[in-house]
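Everything below concerns the one structure shown next.
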Amino acid sequence: MNVPTKEPKAKRELEELSLLFEISQTLEKSLDLREVVGPLLRAMASKMGMMRGTLTLLNRETGEIAIEQAYGLSESQRERGKYKLGEGITGKVIQTGKPAVIPRISEEPLFLNRTGAREDLKKRDISFICVPIKLGKESIGALSVDRLFGDTVSLKEDLRLLSIISSMIGQAVRLRQQMRTERTQLLEENIHLKEQLQDRFRPANIIGNSNVMQAVYDLIAQVSKSNTTVLIRGESGTGKELVANAIHYNSLRVSKPFIKVNCAALPETVIESELFGHEKGAFTGAVGQRKGRFELAHGGTIFFDEVGDLSPATQIKFLRVLQEKEFERVGGIATVKTDVRVIAATNRNLKTLVEEEKFREDLYYRLNVFPIYMPPLRERKTDILLLADYFVEKYSKANHKNICRISTPAIDMLMSYHWPGNVRELENCIERAVILSNDDVIHGHHLPPTLQTAEATGTASGGNLQETLDNLERELILDALKSSRGNKTKAARLLGITERLMGLRVKKYGITPKRFSTKK
């Protein structure tokens, strides 16, 4: 008598295990829950014999419950399946967090049939089971099924199985939320670390936010903590010495000396003594022993500016120091050991000098271990105004002035100039302009004549006196309109002219005052 009972039970348990295994595999297929709920409901329909199945989710902001995925419902029926929290069976299950089993929905007044999928409730007895989907103690939605009522149907067993499935969905939702949270945190930490890295390796005396300068900062960050030899290339005035400073003061040798050698400024007769020192009596005037730059830099960094100007004889001795970490003083025989990091800079093409046999090839490769290229100012136009503002503030303090801004025409001239002298030339121009300014503003006529060319000012070539006066008048009008935010009356008052005359000048020069207005 027990055999017939045990066989259906064993079969049912096997089918349940098969269904749960299939659901677990389905939930692992995608991180997007919407992609896996459809296959999940179809598996339930196949194994549980359900007529319809729905997964509803609660919108915490609106309090509305809507069908996310469904089996056995049309698109229009799904659209109609919306509830408020506590409304109908589904709304009450989500509100209370407790499951509901309705043996015959035709006898349940709370069953709303909002979707319209169960039009003839009296002809067919339909059972409805709804269980909450929870994250911890909070209900985020519900899983429900319809099936035909019958004596052979165990609603209690269906409720148990449905509760297990809803728990699996809840765990899948929690896992996806954790993964999204961790991913967001990792992205935020990555952005924060990048910002810290950029700030750390952007010394106060190096100004610039352009992409080419960010690349320079990245290279400084990578090489600073090592003892690698660095070769800084770039035109004169680009700031190669500033890069050398940044590398040393962000290195592990920061507490040790930073010795600078300008190879172009040292005469050939004294450069060897300057670099390696000399013994007493080594030559006329050597009244005592003297340490050279390599000895003074022991444990720290030595910076060779314009290294391409070293003589062939000095290059040989320099190469030995790089290779062997030792040298002899001029007039001495004792070998002196040294531990220095070498940073070299040049505005010359060392590879061309090597081809011309003016620079040793082996020395070139010893120096060119980690090259850094400093871009000319014309390749970093977006940094011009940042640099100009920095120099304005610097020389305003030095000259006890209060320069508050640079006029629009002056900005146009700065931006259109090609800057052959790079940052050094820009600094000199701003220093001159600060000294010449007497109204706390840098105007175009304060800038050097080299910037006031036809290309820079936008005037035609061969300009005469009248043209120059017109340009100056236009600049003053633009400046006044900028100060008054496009108000012609206030601008006329600032210039001491009538409003009518201001209107005529604005028309003459084709100026649009509205461009200076802050109103949207």
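Each reported figure results from applying straightforward, stated rules to the coordinates on display, with no laboratory input. Source: prediction; values computed, not measured. Here the Cβ is made from the backbone with ideal geometry for all residues, glycine too, and neighbour counts use every protein chain on show.
In table form, for the structure just shown:
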item	result
31 Å tail of the calculated P(r), the chain, as % of Cα pairs	68 percent
Within the chain, percent of DSSP bridges classed antiparallel, to nearest 5	60 percent
Beta bridges per DSSP with both ends in region 211-375, % antiparallel, nearest 5	15 percent
Whether region 396-516 is rounded, prolate or oblate, judged on the alpha carbon gyration tensor where a/c under 1.5 counts as rounded	oblate
For region 2-179: Kirkwood Rh in Å [reciprocal of mean 1/r, alpha carbons]	16.7 Å
Interatomic Cα distance distribution for region 53-119, bins of 10 angstrom, percent	21, 55, 23, 1
Residues with amide H under 5 Å from that of residue 141, placed H, sequence gap 5 or more	58, 133
Helix-only [θ]222 nm of the chain, DSSP H runs n ≥ 4, -39500 (n - 2.57) each, per residue, nearest 500	-15000 deg cm²/dmol
Rounded to whole Hz, the Karplus (6.51, -1.76, 1.60) HN-Hα couplings of region 369-381, x for glycine and proline	6, 9, x, 10, 9, 8, x, x, 4, 5, 9, 9, 4
Degrees separating the helix 2-27 axis from the principal Cα axis of the chain, which is the longest one	20 degrees
Share, in percent, of DSSP beta bridges within region 2-179 that are antiparallel, nearest 5	100 percent
Furthest towards positive pole of dipole, 513, 302, 386, structure part the chain, Cβ charges	513
Sites matching trypsin sites (Lys or Arg not before Pro) across region 298-343 that sit in DSSP coil, with at most 13 neighbouring C-beta atoms within 10 Å	325
